[in-house]
Amino acid sequence: MNIGIDIRMINHSGIGTYIKNIIPLVVNQMSADNFILFYDSSNPETFFNQNNVKFVKMKSPIYSISEQIEFLKFNNMNIDLFWSPHYNIPVFLKTKLVVTVHDIFHLVDEESSVLKKIYSRILFNIIKNNASKIITVSNFTKKQIIDYLNVNESSIEVVYNGVSASFRSKKNINKERYLLYVGNIKKHKNINFLINVFNNLNEKDLKLYIVGNYSKLKYPDKDVINAINNNDNIVLKDEVDAELLVEYYSNAELFIFPSLYEGFGLPPLEAMACGCPVLASNQASIPEVCSNGAEYFNPYDESDLLFKIKELLNDVNKREKMIKNGYNNIKQFSWIDKSHKIVDLFKKNI
């Protein structure tokens, strides 16, 4: 059996983490099958060295008309099933299609451009009509797909993401005190809200670390950048390697996740895996994924978050309890377990 997979977003945040972690495991488990991996400028050999893998380089940019035309050329490759780890599917490829939909943010976001909404609506309608199965990463996203796109519930399979085993507590003895946020700074991440709350804490020996891949972000929130530049205790950390990220998680006083919209939300789980207590927004998929491993706040109410930060900074016992609850919560998020579910799904749909 020949299975094609689009891995061009392997170096992106979010979807890139998904590709790097789950697809190699699926390839390993299906050693009797052949995989054709479509890539662009990345070096896929770093993650895939199996004998049942063939690489096909694409020249067209993602989200372009030219990529759809280029995919047409691959109809003669006898692909039995194509797995797209994002809704940006090859429209004209004639084969069975499985699609992972992480969220439908471009459809529900009021600030998304008309062009983005039209483009995503067209692709989602094609997915609705042509996909053998839609994989989604949370029940929240499943419900949104059903409500917004009128997709039959039986067409959707929920397979949670996992947490990499590399996220484990790594404490430092001599450290400065800081609160931590990890993720991008697009508007729906609600970072201005977090900064306003931090400014009202008035704790001179406490910093706020904001960690993420900002230099490559096309549309960062300029208000956030300005707010960061106006406070010396707010530290913007650009792209960091996995080892340093583990240290940031492990040694933070609290991890704070103020996002207004997530299809899943990996950073809170990564923080839990590193023994960091998590304060999270009560919106979207976040309570589903974080369960009782986090404490929650209203991301529209600054006084709520301010009170809970102060409470937790002064209550060691409560923080320790949150850490234990976090460890218990992440037990259900294993990439290996999730890859087994994907393999079973493939075998049922071919």
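Answer yes or no as to whether Ile342 is of a type in the set (Val, Ile, Thr), assigned to a helix (DSSP H, G or I) and assigned by TED's automatic domain parsing to the domain that holds Gly265.
Working: of a type in the set (Val, Ile, Thr): yes; assigned to a helix (DSSP H, G or I): yes; assigned by TED's automatic domain parsing to the domain that holds Gly265: no.
When the stated conditions are applied, Ile342 does not pass them.
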Listed by first then second residue, the pairs whose first member lies in region 42-62 and is more than 14 Å from Val27 (Cβ to Cβ) and in the same structural domain as Met77 (by TED's automatic domain parsing), whose partner is in a loop (DSSP other than H, G, I, E, B) and of a type in the set (S, T, N, Q), with beta carbons under 7 Å and at least 6 positions apart or on separate chains, are Ser42/Asn11; Ile62/Asn88
Take region 238-261 and flag every residue that is touching a His at 6+ places or on another chain (Cβ under 7 Å) and among the charged types (D, E, K, R).
-> none
From (1) in a helix (DSSP H, G or I); (2) of a type outside the set (Ser, Thr, Tyr); (3) closer than 25 Å to Asn192 by Cα, pick out the condition that doesn't hold for Gln283.
-> (1)
If you take the residues in region 140-154 that are closer than 15 Å to Glu262 by Cα and free of Cβ contacts under 8 Å to residues at least 40 places away in the same chain, which one is farthest from the chain's Cα centre (by Cα)?
-> Lys143
Test each condition in (1) outside the structural domain of Ala284 (by TED's automatic domain parsing); (2) touching a strand residue (DSSP E or B) at 6+ places or on another chain (Cβ under 9 Å) for Leu201 and report the one that comes out false.
-> (1)
For region 284-292, indicate whether the set of residues that are buried (at least 20 other Cβ atoms within 10 Å of the Cβ), more than 16 Å from the chain's Cα centre (by Cα) and of a type in the set (A, V, I, L, M, F, W, C) is non-empty.
-> no
A careful count of residues in region 155-199 that are in a loop (DSSP other than H, G, I, E, B), of a type in the set (S, T, N, Q) and touching a residue at least 24 places away in the same chain (Cβ under 8 Å) gives 7
Candidates Asn49, Asn28, Asn11, filtered to the one that is polar (S, T, N, Q) and either at pLDDT 90 or above or part of a strand (DSSP E or B) (or both) | Asn28
Six or more apart or on different chains, Cβ under 8 Å: which pairs go from a residue in region 126-139 that's of a type in the set (Asp, Glu) to one that's buried (at least 23 other Cβ atoms within 10 Å of the Cβ)? Could you list them?
-> none
Listed residues Val240, Val289; which is among the β-branched types (Val, Ile, Thr) and assigned to a helix (DSSP H, G or I)?
-> Val289
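The values are calculated or read from the model by the stated rules, or taken from the named source; none is laboratory data. Given the structure is predicted, the values throughout are model-derived calculations rather than measurements. Cβ atoms come from the backbone with ideal geometry, glycine included; neighbour counts cover every protein chain shown.
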